[in-house]
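Presented below is the structure to which this report refers.
The values are calculated or read from the model by the stated rules, or taken from the named source; none is laboratory data. Not measured: the values here are computed from a predicted model. Using ideal geometry, Cβ is built from the backbone for each residue, glycine included, and neighbour counts are taken over all protein chains shown.
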Amino acid sequence: MIATAKPDLVTVNIDGKEIAVPKGTNVIEAARLVNVDVPHYCYHPKLTIVGNCRMCLIEMGMPAVDPATKAPIMDPATGKQKINWIPRPQIGCGTNVSPGLHVRTTTPMVKDAREGVMEFLLINHPLDCPICDQAGECKLQEQATGYGRGYSRFIEDKNVKPKRTQLGPRVTLDDERCILCSRCIRFSKEIAKDDVLGFVDRGSYSTLTCFPGKKLENNYSLNTVDICPVGALTSTDFRFKMRVWFLKQTNAIDTESSVGANTVVWSREGTIYRITPRRNDEVNDTWMADSGRVLFKAVQAPDRLSAVKINGTDSAFDIAINAAAELFKANAGAVAVVGSGRSTVEEQFLTKQLATALKASTHLVSRVGEGDKLLVSADRNPNVRGALVTGLISTLPGVKLVDLGAQIDAGKVKVVVTVGEDLAAAGLNAGQLAKISLIVLGTHAKSMDGGAKVVIPTLTAFEKSGTFVNQQFRIQKFLKAVPPMAGATDDLIVLAKLVGAAGGATIPTEVNALWKTIAAAVPALATTTFANLPETGQLLDATPFSALPFVEGETLHYKPAQPVVAAANA
Amino acid sequence: MASILFLLFSTLTVLCAVGVVVNKNAVNAAGCLLLCLVGVAGLFVQLDAYLLAFILLLVYAGAVVALFLFIIMLLDVQGRQSFGFSGITTFAGLMAFALLLTGLGTIAVKGHLDAPRLNRLAAEGANLKPYAQQLFTTYLLPVQIIGFLLLIAMLGVIVLSKKHATEEPAK
Amino acid sequence: MFDFYFEIPLVIRLFLQGLAVIMVIFPIAGACSMAERKVAAWIQDRPGPNRAVVPWVAWIPFLGTFLQRLGIFHVMADGGKMLFKEDSLPGHVNKFYFVLAPIVAMIPALTTVVVVPFGAYLDAAGKIIPVGLAPLDVGILAVFAVSSLGVYSMILAGWASNSKYPFLGSVRASAQLISYELSMALSVLPVFLWVNAPGMEATMGFGRVVEFQSQPGFLGGMWFGFLMPLSAFIFFVALFAETNRQPFDTVESESDLVGSFHTEYGAFKWGLFFVAEYSHMIVGSGVFMLLFGGGWNPLPWVPLADLVGWLAQITPLASHPLFVGVLSISIFLGKVLAMIFLFMWVRWTLPRFRYDQVMKIGWQRLLPLSIANLLFYAIAIAFIQK
Amino acid sequence: MAVITVERKPLTFLERTYLPQIAGGLKTTLKHLVAPKKTLEYPEQRPAIPTGYRGVPTLVMDPNGREKCVSCQLCEFVCPPKAIRITPGEIPADQPDRAHVEKGPKAFDIDMLRCIYCGLCQEVCPEEAIFLQNQFSMSGYSREEMVNHKDRLYELGGTLPDAHFKWDKKKAAEEHGNAH
């Protein structure tokens, strides 16, 4: 019998299994909790429900009660309360649970209904899976296999619709494959707030298109590709590049801003092919910005640094470390360290160790842009809060390295170690750069590399594992997606060697081992380990930094604790 | 011509004979023995004693030394430490030396053969008949006795080598 | 016409003659390896080696193709390969004896030819004079004695290789060779009992044996192979064992000993072993033909002298010593080659005996048989020639 | 299991000498010595290739001489020794006879040093573009030479009859417009 429901839970019966689910849950989500799959196309947990694909049909019923007495009507055959099954199938997505709701997903009626829907969806589908980029992650493929009848009765000519339509700079539409689920339309309207998509014509002429004079060109357009259940919307960048079943998925974090959107990096044999969002309801739901999806192109960019250089000539790693050690020794007390808000927490910790060993001043480069109130925040450094947590900096960085410039001008600093930052772009002028011996740890060629004393190539975020602390003070980890480029060395190893060169203690460079050191040294991270960090991240205590004037405005799942200080320096 | 060949073969024979005694490596010693026999055969050939030469080769070089080598290799004796002289080996060595001296002395004292006899030998040396005649008339009994002794020895060897098989019960 | 030749000092003449014989034996031995491959192929319904060709010979319209199909040029190709490929010397071997062994193999193989007559000519008196380098009285003994030294090459090669299979092979070789030498020697004794009839000068040379097979009359013209079939058979079988040919090639049995004593050898040193084996076969076949196959007589009851007589009726040139010599040598060589073909034919027909079977056949079958054979003929000859 | 004891007949004296058997064997081999040869002289004579023979994998064109492969990479996926490597590419819109296919291989490499001639690629190909045909001898002097690139694969494959004319029909439907 139906158990007594808890205050905010309702008990439903799905395929004979009873489960208590929160009020307002629809049948698809409720069924998912008991591992019952209700196939669907148009339903998306983060979008409004329209119920236009009709795939999630289920059989539904309520316990029978006597209309007059409200007394349960018992079934004499089973001795249980009789269920009044609704004679027509109902859609699962549009049906919210109610107490005592009974759902059946395996009955002949449901099966027939699904087969019918599948058949209708497939009659005009071009069945060009060998060409279609969605093959391998296509709901139509999956559900045709799982719920379709397996053969076609349709002998007439298929519908012809436009193919290779450019909806926008990044999205290509193949209308023949479209099943009119309207997920993309709802996303554009509801999430991206850029209502450009709609259906035109009727019946089998129905076609997805942009409104006249508009284009799907907002910074979130590629999310429509992600949520398209079939291969109608495809990414122009990823189109015809690689089949998805060859790609290895690695969890990563979007580095473009301090939002820290969770992502998946898809790679094959050391080459990254695309980046897609990963669901994290606390950070980015299931979305990410288009701008974050092309960051992987930096990995194989032609200007990647691949050789250790001393005074502009190729050298070897150990020699470079020795050269740095000599610089440190010769200029003891006149060294500055420029850390980076793009470095991982681990690297920032080691940068701090380096600065401590050198008794050097530490600086951080600030990057401030305009937040789009969704998933790109104003602070374009993914990890400024990591620098705060690890103690690399105690105040927010200024827009330009004014302090450092002044110290150089005053002759107090003769050697600068920069971890992945371009000092010229960060505010030092040529005269100041000429006065210092520069030690650069970087990934890409920059304007001052030619003038750098020592250049050590390091890794991009896709080639290493680490953690970022996002604007919510949520520490999130990402993993190595592709092997490091030949010639480049892991930042952790370089920093640890430099710490050694500066006379500091030996520090482990493997991430898990390093985290023991970090946990011991940083009280805020005392209970954190890299291996056990949850996929959705872990919130750190933000109160010690609550007084700092963070630049971020409101974004999805984030509200600034205090009014934003107007980006006066922007 | 003949003297050159004689010198060649006699030098070979003597050197190899010394080599047999001196060589610590048993295989080398056996090789020296073989060459020594070949040298002696060559000397025989120069005396026109072809029969002797080839019988020497056939029996000693072809079979006996081959078996020597065979056993040396099977036992792999070459790595062994040589034993010092014990009482009995010293005695045996002295005996052998005495016999050698006696033989040399005999040849020196009365080893000179008169020319007619040498000529007769030379004429008959190449021929089978004298050998056969001697073997089957004058020396028939010794040959038979020696043959019989060899047969007994061979039987003894077979019995001895078969003994192990009877001692260990067959399974 | 050839007087100038006889004016050359004897030593040089002998040297030249020896060289000539080696120059014949060596290529024949090499060609035998080719013939072996061809015979094997034919027996197995294959065409065999037929690809290698020298360009300007290939241009000869009919002959060139024929020679190519026959695989003649593979001999040269093989020889060239043997000569020019890297002659490796394994690190674990006893280098001195390892290098010595193939040389030792060649010495008896080529030395035995010295005492084997391979033809005859008619002297001014019309008497048949055998042609040979050194026609010794003790010919057969010399062949046995010198060829018995061939075992050393196998023993040394096997031992010096310092490896398992070669050593096993060499042990087998020495035992097998010594075992079958006895039967072989005993099997030829009846022949020499027969040819050393009372009143004749004693000899163990081949000349007399052939002479005995060229006499007029039924018994006189009969080859010893017919007169003493058992002797011939025993000699024949022992010859297979002595030359390590199938079915007695337990010494070199690839299936259980890889390559036996020559497992570790390659290139030219390996080739020398092969040439030595074929040289042994050639000399052994020659001896067999001299003793049991009528030597240079063309057919049983048809001695060489008769043939020459018939031919002389056609052209007087036929009785010229040179022509007779060439004719007799050709007949003899033909017989030898036929015999070698028989060796190959048997090789590609019979399976290999097991080693214990080889020993059993040698000691328990062949040896008693040859003793009985000897006794029988000794008694029979004693009666006949009394 | 029942044990059947087979009595071994004792050999007769003649049999124990092996001689009759040896003679019989020699007779047999002599017959073969003169019998006609049964082997093929390979480079000149070629064996008849039976239908269904799995030779070197090749790419084929359709009767119109267009490449059939759409680089779906299923063969690459199914290939057990991972011998196939495809780089997919888009067919530019300016090729009127082929643009509607949209996708084709930019590069198609089959490493014949890896290929095991299993035929799974042929079996899996949805476009009937890859066939293991009667080519059976692949040789080369270097590893690079043993990798068949796209042009070589088409050269080996040639054109095979196509029963479906799938893309022609597609093109016709497009030109015809909506099929309503």
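Within region A:134-141, can one find any residue that is surrounded by fewer than 19 Cβ atoms within 10 Å (Cβ to Cβ), within 14 Å of chain D (Cβ to nearest Cβ), under 17 Å from A:M55 (Cα atoms) and in contact with a helix residue (DSSP H, G or I) (Cβ under 9 Å, 6 or more places away or on another chain)? Within region A:134-141 (the criterion being surrounded by fewer than 19 Cβ atoms within 10 Å (Cβ to Cβ), within 14 Å of chain D (Cβ to nearest Cβ), under 17 Å from A:M55 (Cα atoms) and in contact with a helix residue (DSSP H, G or I) (Cβ under 9 Å, 6 or more places away or on another chain)), the answer is no, since none of the residues qualifies.
Here's the yes/no breakdown for (1) in contact with a helix residue (DSSP H, G or I) (Cβ under 8 Å, 6 or more places away or on another chain); (2) of a type outside the set (V, I, T); (3) closer than 30 Å to C:A41 by Cβ; (4) within 12 Å of chain A (Cβ to nearest Cβ):
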residue: D:Q21; (1), (2), (3), (4): yes, yes, yes, no
residue: D:K27; (1), (2), (3), (4): no, yes, yes, no
residue: D:L30; (1), (2), (3), (4): yes, yes, yes, no
residue: D:R46; (1), (2), (3), (4): no, yes, yes, no
residue: D:V60; (1), (2), (3), (4): yes, no, no, no
residue: D:R66; (1), (2), (3), (4): yes, yes, no, no
residue: D:C69; (1), (2), (3), (4): no, yes, no, yes
residue: D:Q95; (1), (2), (3), (4): no, yes, no, no
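Count of region A:44-68 residues, restricted to those that are in contact (Cβ under 8 Å) with a residue 24 or more places away in the chain, part of a loop (DSSP other than H, G, I, E, B) and among the charged types (D, E, K, R), is 2. Quick one: in region C:121-131, which of the residues that are touching a Ser or Thr at 6+ places or on another chain (Cβ under 9 Å) and among the hydrophobic types (A, V, I, L, M, F, W, C) is farthest from the other protein chains (Cβ to nearest Cβ)? Across region C:121-131, the extreme among qualifying residues is C:L122. Contact map, region A:187-207: residues that are in contact (Cβ under 8 Å) with a residue 60 or more places away in the chain and within 17 Å of A:D174 (Cβ to Cβ) paired with residues that are among the polar types (S, T, N, Q) and buried (at least 16 other Cβ atoms within 10 Å of the Cβ), Cβ distance under 8 Å, separation 6+ or inter-chain. Pairs shown: A:S204/A:N124; A:S204/A:N159. Across region A:431-464, the qualifying residues are those that are in a loop (DSSP other than H, G, I, E, B) and under 29 Å from the mean Cα position of the chain (by Cα), and the one among them that is nearest to A:F328 (Cα to Cα) is A:T458. State yes or no: is D:R85 surrounded by fewer than 19 Cβ atoms within 10 Å (Cβ to Cβ) and more than 14 Å from every other protein chain (Cβ to nearest Cβ)? Judged against the criteria, D:R85 is not a match.
When residues of region B:1-36 are filtered for being surrounded by 12 or more Cβ atoms within 10 Å (Cβ to Cβ) and either of a type in the set (G, A, S) or in contact with a Leu (Cβ under 6 Å, 6 or more places away or on another chain) (or both), how many remain? Residues that pass the stated criteria total 10. Quick check: anything in region C:59-76 surrounded by fewer than 18 Cβ atoms within 10 Å (Cβ to Cβ), on the phi < 0 side of the Ramachandran plot and touching a Phe, Trp or Tyr at 6+ places or on another chain (Cβ under 6 Å)? Scanning region C:59-76, I find no residue that is surrounded by fewer than 18 Cβ atoms within 10 Å (Cβ to Cβ), on the phi < 0 side of the Ramachandran plot and touching a Phe, Trp or Tyr at 6+ places or on another chain (Cβ under 6 Å), so the answer is no. Restricting region C:364-377 to residues that are hydrophobic (A, V, I, L, M, F, W, C) and within 15 Å of C:F224 (Cβ to Cβ) leaves a set whose member that is surrounded by the most Cβ atoms within 10 Å (Cβ to Cβ) is C:L374.
Examine region A:124-138 for a residue that is acidic (D, E), within 21 Å of D:A93 (Cβ to Cβ) and assigned by TED's automatic domain parsing to the domain that holds A:R202, and state whether such a residue exists.
So far as region A:124-138 goes, yes, one or more of its residues are acidic (D, E), within 21 Å of D:A93 (Cβ to Cβ) and assigned by TED's automatic domain parsing to the domain that holds A:R202.
Residues in region C:132-151 that are at the interface with chain B (Cβ under 7 Å from one of its Cβ atoms) and under 22 Å from B:L35 (Cα atoms): C:V138, C:L141, C:A142, C:F144, C:A145, C:V146, C:S148, C:L149, C:V151. Selection over region C:291-317 of residues that are buried (at least 24 other Cβ atoms within 10 Å of the Cβ), among the aliphatic types (A, V, I, L, M) and under 18 Å from C:K127 (Cα atoms) gives a count of 1.
Given the structure, is C:A197 surrounded by fewer than 22 Cβ atoms within 10 Å (Cβ to Cβ), at pLDDT below 80 and on the phi < 0 side of the Ramachandran plot? Here the answer is yes, as C:A197 does meet what is asked. When the residues of region C:152-179 are filtered to those that are among the aromatic types (F, W, Y) and within 8 Å of chain B (Cβ to nearest Cβ), the one that is nearest to C:V93 (Cα to Cα) is C:W159. Which of the residues that make up region C:202-242 are surrounded by fewer than 17 Cβ atoms within 10 Å (Cβ to Cβ) and polar (S, T, N, Q)? Across region C:202-242, the qualifying residue is only C:Q215.
Screening D:L153 against (1) more than 9 Å from chain A (Cβ to nearest Cβ); (2) more than 18 Å from the chain's Cα centre (by Cα); (3) under 29 Å from A:Y273 (Cα atoms); (4) at pLDDT 90 or above leaves a single unmet condition, (2).
Restricting A:T418, A:T467 to residues that are assigned to a strand (DSSP E or B) and under 25 Å from A:G312 (Cα atoms) narrows the list to A:T418. Step by step: first the residues of region C:82-138, then only those that are of a type in the set (V, I, T) and in a loop (DSSP other than H, G, I, E, B), then the one that is nearest to C:E277 (Cα to Cα). Which residue is that? Of everything passing the filter in region C:82-138, C:V116 is nearest to C:E277 (Cα to Cα). Take B:L7 and decide whether it is under 13 Å from the mean Cα position of the chain (by Cα) and modelled with pLDDT of 85 or more. No; evaluated as a whole, the condition is false for this residue.
From the list D:A129, D:A107, D:A99, which one is surrounded by 12 or more Cβ atoms within 10 Å (Cβ to Cβ), closer than 27 Å to A:R243 by Cα, in contact (Cβ under 8 Å) with a residue 60 or more places away in the chain and of a type in the set (G, A, S)?
Just one listed residue meets the conditions, D:A129.
For the subset of region A:272-301 comprising residues that are of a type in the set (K, R) and buried (at least 20 other Cβ atoms within 10 Å of the Cβ), which member is nearest to A:Q472 (Cα to Cα)? First the steps, then the outcome.
Of all residues in region A:272-301, those of a type in the set (K, R) come to A:274, A:278-279, A:293, A:297.
Remaining after also requiring buried (at least 20 other Cβ atoms within 10 Å of the Cβ): A:274, A:278, A:293.
On the way: A:R274: 26, A:R278: 18, A:R293: 22 Å.
It comes out as A:R278.
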